[in-house]
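Trainee: The following block contains the structure, expressed as structure tokens.
What follows draws every value from the coordinates through simple rules; no lab data is involved. Note that the coordinates shown come from a computational prediction; the quantities given were computed from them, not determined experimentally. Please note: Cβ atoms are built from the backbone with ideal geometry, for glycine as well, and neighbour counts cover all protein chains shown.
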Amino acid sequence: MIDIESDKNILVTKTPILNSGNSEDKREEILEYFLATWELDDKLYDSLKGEETFYMRADPLRHPLIFYIGHTAAFYINKLLLAGLITERVNPKFESIFAVGVDEMSWDDLNEKHYDWPSLQEVQDYRKQVKTVLEHLIAELPLSMPINWESPFWVIIMGVEHQRIHIETSSVLIRQLPIDKVKDNPLFKICDKSGQAPTNKLVKVNAGQVSMGKTKANALYGWDNEFGALSIDINAFSASKFLVSNVEFKAFVDDDGYNGQEWWTEEGWSWVQFKKCECPVFWMKKGDNWRLRCMLKEIAMPWNWPVEVNYLEAKAFCNWKSAKTGKKLRMPTEGEYYLLRNSLDIEDQAYWEKAPGNINLEHYASSCPVDEFEFNGFYDVIGNVWQWTEMPISAFDGFEIHPFYDDFSTPTFDARHNLIKGGSWISTGNLAIKDSRYAFRRHFFQHAGFRYIESEVEVAIDDDYYESDELVSQYCEFQYGQTYFGIENFSTACIKLLQNHLKTINKGSALDLGCATGRTSFELAKYFDKVMGLDFSARFIRIGTQLKESGKLNYSRIEEGKLDTYQEIKLADYGLDAYADRVEFFQGDACNLKPLFSGYDLLIASNLIDRLYNPIKFLQDVHSRINVGGLLVLTSPYTWLEEFTELDNWVGGYRKDGEPYTTLDGLKDHLSEYFELVEEPKDLSFVIRETARKYQHTITQISIWRRK
């Protein structure tokens, strides 16, 4: 039985202030924040009926809920290992199958045939083990103030804030389950207020300058996309006083808006045709009566609550209402949202006494009427539901990728993920702070609605996106761009050296491990029926995925300083377009691969082993991935560095028993039980262009091994 009084402390929490206070008090505060987060996560899942519900796919583009229960725990362990704060895994199998939770990205493996999910009890036992590790670490890890993103405790808070993201996203999945699979949960009480919706009207917002982004000295935890700076001048506009209510949106539904192609963008109309929808996803019609699906209940339609839709629906409504009223209506940009918010002087979450809006689980476990929380003439500027903007997310000037979560943001910098602002009723922690920047695919459902604005300023969205991540762009040029100093493209040079050996093996499937942006994967597809490209970072595999899906890629290439040029590449230019359907890209850890990555006739690991945290384990396990008679191809310059690999895990490059012990010596020792070296290793050069006048010239060694 849930004791509401004793559980209040898990509902009303705030992200810690990291630049003030003494170390031991802060340690205790972080422990309490971690425990409250963990318990809230646990109790959310008390809302499910029966163990079988945990294995249902509430959304075909996302994993079953059993994944997310394991994922939030595995995330802690994987990040702590990456940061070097722990050295041992709790459960290698779980930390593999629960590792990747990209959600509706094409490289996130959602094929149920690839998963033998553990029992609920096994996952709950694993969570208890991880919780114990974290409690011990929080108690023992050295802590000095202030905490910033170089601090060890930053990684712990990263795990906590990540868990809070999944509390919210899991609540959306629970909301999509059949109603008979959920049960009432006294901890999550929905609003009992409903009635006639107020008539919306436009209220002027004066012009002004908006400064966005924050420095590393900021008092609150932030994801990497929050850091940097952008200042822009915003013209005056008029904004709707209220969020668009269910009844205001119903006029669009009643006017057959879901069948009027003229209101929809091309992307939106394709989505409507695919989904065959005629109303918002959480609306249900029972006879002549409309009802609303909340997280745990179906209720009579509260017409004065905010409508919850994806961006495509919100955009269609704005186009429709513009035509009906003769006004130029649209959603705000990120800058326009902040101009409105800043004009109202709303306190940030960490500092408020009580939430000024329906946010942070401080009021309801659902939406509420759009006219309940006023902010000096406007309503729901924060809270109730997220608010879609017109803007795809992008980086601020000065953006840096955090080394322990290098693909939190950059996979969304693709012009396909629009920003949502303001938070919802269940937005807690970082989700509820002013500087938070979250973005979702435009067809995606969250607890999200919108307000519209009237403005003469046209918002130009450039769909011709250019990849600008500096390291990723370097690899785009390395794998698909020009050749330099007469040195052949590395991928094609490797394939040439393999030509004779390829004649001796089956060509069912190949694995390109450490595939980066995917050139070798596409080249191998000329020879193999199926090729998997796998990389640790989604920053890279999204390039291969984009090339597979669209056949082309644009990227910016640095010339000098802040000067760059724009490059376009096409698979067809290399004769690879005909083979793209044979290639799939996935995210994974070479030192802890999922069982599905096995049964290959060829496995190539290009310039990878000297950048693994445990290359010896990789070498000891790799035979289990390759068919008897198949080939293992390793290339490496053997540049061992302790920043990537602890000395005890180096394969070679040191003295053993007083004598030089090379990496090739180590490879022979570790591989000889299951492999034979088919020919003497060869040296192969490659060049990576950094700028027009700076290049990395590297000599790698390629060795080819046959599985006994």
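Trainee: So if I take the centroid of the Cα atoms in region 241-297 and the same for region 650-708, what is the distance between those two points in Å?
Mentor: About 59 Å separates the Cα centre of region 241-297 from the one of region 650-708.
Trainee: Right, something else. Does region 478-636 come out rounded, prolate or oblate, given a ≥ b ≥ c as the square roots of the eigenvalues of its C-alpha gyration tensor, rounded meaning a/c under 1.5 and, failing that, prolate meaning a/b above b/c?
Mentor: Details: a/c = 1.72, a/b = 1.45, b/c = 1.19.
Judged from the Cα gyration tensor, region 478-636 comes out prolate (a/c at least 1.5, a/b above b/c).
Trainee: What does the convex hull of the Cα atoms come to per residue for region 124-165, in Å³? Don't skip to the end; give the middle numbers.
Mentor: Details: hull volume 2.9 nm³, N = 42.
Hull volume normalised by residue count: 70 Å³.
Trainee: Provide, as a two-decimal number, the C-alpha radius of gyration of region 8-80 over 2.2 N^0.38 Å, N being how many residues it has. Provide the component values of the computation, followed by the final result.
Mentor: Numbers: Rg = 15.8 Å, N = 73, 2.2 N^0.38 = 11.2 Å.
Cα-based Rg divided by the globular estimate yields 1.41.
Trainee: Rounded to the nearest 10 degrees, what's the angle between the helix 490-502 long axis and the longest principal axis of the chain, both from Cα atoms, 0 to 90?
Mentor: Long axis of 490-502 versus the principal axis of the chain: about 60 degrees.
Trainee: Evaluate the charge dipole of the chain about its Cα centre and quote only its size in Debye, nearest 20, assuming +1 on the Cβ of each Lys and Arg and -1 on the Cβ of each Asp and Glu.
Mentor: Dipole of the chain, to the nearest 20 debye: 1380 debye.
Trainee: Separate question: Can you give the convex hull volume per residue for the Cα atoms of region 4-181, as a whole number of Å³?
Mentor: Convex hull volume per residue, Cα atoms: 128 Å³.
Trainee: Here's another thing I want to ask about it. Report, to one decimal in Å, the Kirkwood hydrodynamic radius for the chain based on all distinct Cα pairs.
Mentor: On the way: mean 1/r = 0.0366 Å⁻¹.
So the Kirkwood estimate lands at 27.3 Å.
Trainee: Okay, helix-only estimate at 222 nm for the chain: each DSSP H run of n ≥ 4 adds -39500 (n - 2.57), divide by all residues, round to 500 deg cm²/dmol; what do you get?
Mentor: -9000 deg cm²/dmol
Trainee: Let me ask you something else. Cα centroid distance between region 548-594 and region 57-83, in Å?
Mentor: 27
Trainee: Where the centre of each part is set by its Cα atoms, how far does region 606-625 sit from region 431-453, in angstrom?
Mentor: Computed from Cα coordinates, the inter-centre distance equals 40 Å.
Trainee: In region 240-454, how does Rg compare with the Kirkwood Rh, expressed as the Rg/Rh ratio over alpha carbon atoms?
Mentor: Across region 240-454, the Cα-based Rg/Rh ratio is 0.96.
Trainee: Provide, in order from the shortest bin, the percent of all Cα-Cα pairs of region 606-708 in each 5 Å bin, continuing until the bin that contains the maximum pair distance.
Mentor: 2, 12, 21, 23, 19, 12, 6, 3, 1, 0
Trainee: List F94, F485 from most exposed to least, where exposure is judged by having the fewest other Cβ atoms within 10 Å.
Mentor: Values: F94 22, F485 8.
Taking fewest neighbouring Cβ atoms as first place, the list is F485, F94.
Trainee: What ranking do M158, M284 get, fewest neighbouring Cβ atoms within 10 angstrom at the top?
Mentor: Values: M158 23, M284 15.
Neighbour counts put them in this order, fewest first: M284, M158.
Trainee: Here's something else I'd like to know. Which order do T691, T53, T565 fall in if you start with the one that has the fewest other Cβ atoms within 10 Å?
Mentor: Values: T691 14, T53 22, T565 10.
Going from sparsest to densest Cβ surroundings: T565, T691, T53.
Trainee: Right, another one. Tell me, what is the FRET efficiency for V459 and T483 to the nearest 0.05, using R0 = 51 angstrom and their Cβ-Cβ distance as r?
Mentor: E(calc), rounded to 0.05, equals 0.80.
Trainee: In addition: What does DSSP give for the chain in terms of the percent of beta bridges that are antiparallel, rounded to the nearest 5?
Mentor: On the way: 63 of 87 bridges.
Antiparallel bridges: around 70 percent, rounded to the nearest 5.
Trainee: Could you list the chymotrypsin sites (Phe, Trp or Tyr not before Pro) in region 593-687 that lie in coil according to DSSP, counting only those with at most 14 other Cβ atoms within 10 Å of their Cβ?
Mentor: F644
Trainee: While we're looking at this one, here's another question. Considering only W640, G653, P681, whose Cα is most displaced toward the positive end of the charge dipole of region 640-708, charges sitting on Cβ of Lys, Arg (+1) and Asp, Glu (-1)?
Mentor: P681
Trainee: Would you mind checking which residues have amide H under 5 Å from H417's amide H? H placed 1.01 Å from N; only 5 or more apart, or other chain.
Mentor: Amide H neighbours of H417: I393.
Trainee: To continue, here is another question. Please name which of S270, T215, Y579 has its Cα lying farthest along the dipole of the chain towards the positive end, using unit charges on Cβ (Lys, Arg +1; Asp, Glu -1) and the Cα centre as origin.
Mentor: S270
Trainee: Compute the length gained on full extension between Y654 and E680: take 0.36 nm times their separation in residues and subtract their Cα-Cα distance, giving the result in nm to one decimal. Display every interim value, and only then the final one.
Mentor: On the way: separation 26, 0.36 × 26 = 9.36 nm, distance 2.17 nm.
Computed gain between Y654 and E680 is 7.2 nm.
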